[in-house]
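All remarks here apply to the structure that follows.
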Amino acid sequence: MRRFAIIGHRAVTDPGFSLNDMPGSAGRMDVLCRCVNTSFFLSHDLRRDVECYLILKGGEETTVRFSGERVRSLNPDERSSGALIKKALAKPCGEEFTESSPGVSVRRGGLERLLTEYPFAILDEGGTDIRSAEVIPENLILSDHQNFTEEEEILVADLPRISVGPKVLHADHTITIVLNEADRRGL
């Protein structure tokens with residue numbers, strides 16, 4: 001299973017956000033929606049061996065998990081994934097994942113807990129180039145359009161770092177390159 005965890009620093013945890021204003025009032029939820037779509041969509045198919053974790057920090061820290069094995073009603077547009085996130089945030093949840101729709105679950109908590117559950121690496125422009133890396137980590141963390149906070153940097157300080165190239169790219173483009181490299185290696 002390949003996992004991507006994306007930190008949404010301003011992404012709201014209140015389900016009242018407008019699907020018509022995801023870049024603004026939803027705290028750049030559009031960035032996270034593009035990451036969801038990039039994680040799963042192929043031409044006329046979905047990647048079933050991927051999970052995408054959205055760590056929403058624009059309120060009480062909340063994690064929304066998309067699972068390729070079970071996800072339904074996900075279409076290749078931001079509004080579709082935004083609607084599934086909105087539905088997940090409307091679901092009462094606690095410390096364990098609660099399913100809000102097939103393949104989409106939500107729980108309280110975020111990065112710190114996720115790091116105890118899986119061995120992650122960081123997608124970072126200063127890391128080892130993915131083309132020369134012996135192994136592509138199965139679990140990768142990246143940030144939205146903002147850098148990691150000081151607290152996040154402390155949490156991930158000892159994790160390996162992988163780079164997809166010499167330029168800083170959008171989060172969703174980075175995911176595309178990682179998946180393409182994994183596909184080329186037959187992973």
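The values are calculated or read from the model by the stated rules, or taken from the named source; none is laboratory data. The structure presented is a predicted model; accordingly, all values stated were derived computationally and were not measured. Reconstructed Cβ throughout: ideal geometry from the backbone, glycine too, with neighbour counts over all protein chains shown. Ligands, DNA and RNA are stripped out before the accessible areas are found, and what is left, the full protein with its side chains, is counted by its heavy atoms. Shrake-Rupley method; radii C 1.70, N 1.55, O 1.52, S 1.80 Å.
Structure values in brief
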| item | result |
| --- | --- |
| Peptides ranked, highest mean first, by Cβ atoms within 10 Å: ranges 113-122, 29-38 | 29-38, 113-122 |
| Segment 26-91 - Rg and Dmax from Cα coordinates, angstrom | 11.4, 36 |
| Radius 10 Å from Cβ of LEU111, net charge of other residues (Lys, Arg +1; Asp, Glu -1) | -2 |
| Net charge of neighbours whose Cβ lies under 12 Å from the Cβ of SER80, counting Lys and Arg as +1 and Asp and Glu as -1 | +3 |
| Accessible surface, segment 1-90, averaged per residue in Å² (probe 1.4 Å) | 39 Å² |
| Binned Cα-Cα distance frequencies in the chain - 5 Å width, integer % | 1, 8, 18, 23, 22, 16, 9, 3, 0 |
| Cα shape, segment 82-187, gyration tensor, a/c 1.5 rule | prolate |
| Dipole magnitude (debye, nearest 20) for the chain, charges at Cβ of Lys, Arg, Asp, Glu | 640 debye |
| Helical mean residue ellipticity (222 nm; -39500 (n - 2.57) per DSSP H run of 4+; nearest 500) of the chain | -8500 deg cm²/dmol |
